[in-house]
Amino acid sequence: QLQLMESGGGLVQPGGSLRLSCAASGFTLDYYAIGWFRQAPGKQRELVAAISSGPTTNYAHFVKGRFTISRDNAKNMVYLQMNSLKPEDTAVYYCNALVDMGYGSTWHGWGPGTQVTVSS
């Protein structure tokens, strides 16, 4: 069964960096587009970055130039390098896989996520 597990979150000062990892098991990551999402208290879950099997990348406007999504198919991993972190980046970060339903695509499901806290 398709499973994704996030790791790499933690406490970092404003302007600092973190690298999040998304490990896939039960399937080969190569054929899926993967998205990083985040959800902060009082806010809806929002898409941060996505990478296709291509691997084309897309970024939310509020992280473009600061965050980089990448994939290592040999390791069956997807990463989110986060630089120049701001307090408003504080959230639980999730990765998810885009699956083809035949009639369209949908995100597979949500795991526990990893907490990122940006604070002095």
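Only one of the numbered conditions (1) at pLDDT 95 or above; (2) touching a helix residue (DSSP H, G or I) at 6+ places or on another chain (Cβ under 7 Å) is violated by LEU18, and that is (2).
Residues that are of a type outside the set (S, T, N, Q) and out of contact with any strand residue (DSSP E or B) (no Cβ under 8 Å at 6 or more places or on another chain) were ranked within region 44-62; the one that is most open to solvent (accessible area, probe 1.4 Å) is HIS61. Pairing residues of region 4-22 that are touching a residue at least 60 places away in the same chain (Cβ under 8 Å) with residues that are part of a strand (DSSP E or B) and among the basic types (Lys, Arg), at Cβ distances under 7 Å and at least 6 apart in sequence or on separate chains, gives GLY8/ARG19. For region 23-50, a tally of residues being among the polar types (S, T, N, Q), closer than 19 Å to THR90 by Cβ and touching a residue at least 12 places away in the same chain (Cβ under 8 Å) returns 1. Can you work out which of the residues in region 63-84 that are part of a strand (DSSP E or B) and open to solvent by 30 Å² or more (accessible area, probe 1.4 Å) is farthest from GLN3 (Cα to Cα)? Residue satisfying both the conditions and the ranking: LYS64.
For region 1-58, filtered to residues that are part of a strand (DSSP E or B) and touching a Lys or Arg at 6+ places or on another chain (Cβ under 8 Å), the residue that is nearest to ASN83 (Cα to Cα) is VAL48.
Residues that are open to solvent by less than 60 Å² (accessible area, probe 1.4 Å), over 19 Å from GLY54 (Cα atoms), of a type outside the set (Val, Ile, Thr) and not in a helix (DSSP H, G or I) within region 85-120 comprise LEU85, ALA91, TYR93, TYR94, GLY109, GLY111, GLY113, SER119, listed in sequence order.
The values are calculated or read from the model by the stated rules, or taken from the named source; none is laboratory data. Small disclaimer: the values here were computed from a predicted structure and weren't measured. Note: ideal-geometry Cβ built from the backbone for every residue, glycine included; neighbour counts use all protein chains shown. What goes into the accessible areas is simple: the full protein's heavy atoms, side chains included, and nothing from ligands, DNA or RNA. Shrake-Rupley method; radii C 1.70, N 1.55, O 1.52, S 1.80 Å.
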